[in-house]
Amino acid sequence: MIFLAVSFIFALVALAATRRILALTITFVFVMLCSYLGLPVLSFGFWGLPGIALSASIICFLCELRQGRYDGVEMAEGNRWIGAVVLAVIALLFLVVLPIITSWSLFHAGVYRELIGDVKTSIFSTDTSPVNPSQVRIVDRSLAYRLGEKRLGEDPGLGSQVNLGELSIQQVNDQLYWVGPLEHSGFFRWWSNYRGTIGYIKVSATNERDVELVREVDGKKLAIRYNQGAFFADNPYRYLYANGYAGVGLTDWTFEIDESGRPYYVVTRYEKRVGYFGDDPAGVVVLDVQNGDIQDYRVDEAPSWIDRIQPENIITQQLDDWGMFVHGWWNPSQKDRLKTTPGMSLVYGNTGDSYWYTGMTSVGADESTVGFVLVNTRTKEAKFYSQAGATETAAMRSAEGAVQEKGYGATFPIMYNVSGLPTYFTTLKDEAGLVKLMAFVSVESYSLVGIGENVQASLQTYRRAVNSRGNAVALDGAVACYEAKGVVERLATEVKSGNTYYYLVIAGYPQKQFVGSSDISPELVNTRLGDEISMVFEDGGSASIYISRFDNFALDFQKTEAQIGVEERFDATKEGREIRQDNRNLDAAWENLSPEKKREIMQRAQQ
């Protein structure tokens, strides 16, 4: 109905202006087609309404010229010029004057810079949990799409009926998945199956063997009626447009599922804060793709299962404005100006919240950053981390250069917290798009690279590379470290890519497996069942935990240079061990004393 109403209004305007049936008819058809096919936002600040108005005015003017000649009446030269001038004024007003007056950064630099909100300086290691090897994203969007299409091909006849729609990353029940709807593969497929497609594809972002075609939720079969392969009123864009959102800016259509697996389209609703520009999210529209129910939420009211409300393109623009107008619009020397590095990625914090990550570099810089920003994808809370280092592109080239003889290509990296150090993770693919190797690259120094055939191997190689440079693997005091003491109950070794890894289970920690190598301490190589040990580690929630320090109380080896750097060089000498052993003996002796004897000793100490 919205298409008919808008077309009728413009047709009446055309009739009043020209009094020609031809102008009325052409204007009506043109506006209806533009509204139906283009779905322009019919609100001030958006280009749709003035664009249609200008086009309709041109049609009226051309029809007037055409009709005048058809009737054999020559229009006066002055009349033709008046029409041209009126159209020029309209065009100038809507396309130049109004945008300049209401939107130009010369007048609104401060407003543009404040759109992102208060960007706070923070500490990276306190905001993001230590890397959990089991949750590292080894499956990117392109690989997930290939795996999803392969799964469709395994179902006879299904691949010819539907296509796999756009995939989006999402955290579902604390696990990362790529999810995407099945869409009709053409008009006749939609016509014959108008009730909807049979479900969606879910691909684990951490395990390429975990690919699922979801056909039902809670015992009920799925029927995704509103998908982007549907036509007419079943098209989700047109459905929302015709149901109250013709005058609302909508962007970032994301297919998401709730914790039970029920599918929705989540669409960001945004407003113009500075005339024709200054896009800023104001809420989120949730469309049930099965029954068409529409829910509209403010940002602070959105359901917890929605990961993404703040669109990548809007956040990028707002960060660029924040960095560009640091000293206002007039800044010919480019003093202190910053800009985002190309591309953004999603990272997850220690509370499960997701963030847009991007590096920030000085205007004119190429491969170095002055820091990076994390922006909460729900609340838009922005935090800046001062950390000079490499851009994502430089890190990708560094990873590729480490195995340049193989000719592998790196994927866009993801930021992780490795022992308090901001670190890029990327996969290396062959020409067929298959993952062959994985790499961790230091943000601070992209020459520090760890390559391996899996996450654990590459992470361990990276830790060795960091330690070999004399860097402690927990330089940032904000990293939460834990110490475990106990007796070794289980011990196993495994050789991966030429490196030997040691797996220990100690008393008191039956649900944790501790992993280390001889680079941590030579004492680890000679540890046996029943030995009493002490370990320092960071617990990121994984069942397998990598050790950062190791001490076997039964051994007294000289430490390696790497371990000396981690433990502040000669922190664990023989004298220190004897003192700690004496302390343990004293503690044991004290515990064996009777209450009367302890009271007697305490009284003597007070005298």
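The values are calculated or read from the model by the stated rules, or taken from the named source; none is laboratory data. The structure displayed is predicted, hence computed values, not measured ones. Heads up, the Cβs are rebuilt from the backbone with ideal geometry, glycines too, and the neighbour counts pull from every protein chain shown. SASA here: full protein model, heavy atoms, side chains in, ligands and nucleic acids out. Shrake-Rupley method; radii C 1.70, N 1.55, O 1.52, S 1.80 Å.
Please find, among Tyr237, Tyr241, the residue that is under 24 Å from the mean Cα position of the chain (by Cα) and either farther than 15 Å from Ser35 by Cα or open to solvent by 10 Å² or more (accessible area, probe 1.4 Å) (or both).
Tyr237
So the check is Cβ under 7 Å with 6+ separation or different chains; which pairs have a first residue in segment 30-52 that's surrounded by 20 or more Cβ atoms within 10 Å (Cβ to Cβ) and a second one that's of a type in the set (D, E, K, R) and not in a helix (DSSP H, G or I)?
Gly45/Lys272
Residue-wise test of (1) farther than 21 Å from Glu312 by Cβ; (2) out of contact with any Asp or Glu (no Cβ under 8 Å at 6 or more places or on another chain); (3) in contact (Cβ under 8 Å) with a residue 40 or more places away in the chain.
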{"site": "Thr197", "(1), (2), (3)": "yes, no, no"}
{"site": "Val203", "(1), (2), (3)": "no, no, yes"}
{"site": "Glu208", "(1), (2), (3)": "yes, yes, yes"}
{"site": "Val214", "(1), (2), (3)": "yes, yes, yes"}
{"site": "Lys220", "(1), (2), (3)": "yes, yes, no"}
{"site": "Ala233", "(1), (2), (3)": "yes, yes, no"}
{"site": "Gly249", "(1), (2), (3)": "no, no, yes"}
{"site": "Tyr264", "(1), (2), (3)": "no, no, no"}
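Using the structure shown, decide if Gly278 is part of a strand (DSSP E or B) and at positive phi.
Considered against the rule, which asks whether it is part of a strand (DSSP E or B) and at positive phi, Gly278 comes out as yes.
Keeping to segment 173-201, report how many residues are open to solvent by 40 Å² or more (accessible area, probe 1.4 Å) and in contact with a helix residue (DSSP H, G or I) (Cβ under 9 Å, 6 or more places away or on another chain).
3
In segment 302-321, what residues are out of contact with any Pro (no Cβ under 8 Å at 6 or more places or on another chain), closer than 22 Å to Pro236 by Cα and either of a type in the set (S, T, N, Q) or open to solvent by 50 Å² or more (accessible area, probe 1.4 Å) (or both)?
Listed by number, the residues that qualify are Glu312, Asn313.
Would you check which residues across segment 94-153 are in a loop (DSSP other than H, G, I, E, B) and at pLDDT below 80 and list them?
Within segment 94-153, Ile123, Thr128, Ser129, Val131, Asn132 qualify.
Are any residues in segment 170-221 in contact with a strand residue (DSSP E or B) (Cβ under 8 Å, 6 or more places away or on another chain) and hydroxyl-bearing (Ser, Thr, Tyr), and if so, which ones?
Tyr177, Ser185, Thr197, Tyr200, Ser204, Thr206
Out of the residues in segment 283-301 that are among the aliphatic types (A, V, I, L, M) and modelled with pLDDT of 95 or more, which is most open to solvent (accessible area, probe 1.4 Å)?
Per the criteria, the residue is Ile294.
Any chance segment 335-350 includes a residue that's under 20 Å from Gly249 (Cβ atoms), open to solvent by 10 Å² or more (accessible area, probe 1.4 Å) and assigned to a loop (DSSP other than H, G, I, E, B)?
Checked against the condition, which is being under 20 Å from Gly249 (Cβ atoms), open to solvent by 10 Å² or more (accessible area, probe 1.4 Å) and assigned to a loop (DSSP other than H, G, I, E, B), segment 335-350 yields no hits at all.
So how many residues does segment 314-342 have that are in contact with a Phe, Trp or Tyr (Cβ under 9 Å, 6 or more places away or on another chain) and β-branched (Val, Ile, Thr)?
4
Would you check if there is a residue in segment 489-501 being at pLDDT 75 or above, within 25 Å of Glu453 (Cα to Cα) and open to solvent by less than 40 Å² (accessible area, probe 1.4 Å)?
Scanning segment 489-501 turns up at least one residue that is at pLDDT 75 or above, within 25 Å of Glu453 (Cα to Cα) and open to solvent by less than 40 Å² (accessible area, probe 1.4 Å).
Please work out which one of (1) touching a residue at least 24 places away in the same chain (Cβ under 8 Å); (2) not in a loop (DSSP other than H, G, I, E, B) is the condition Ile309 fails and give its number.
So the condition that Ile309 fails would be (2).
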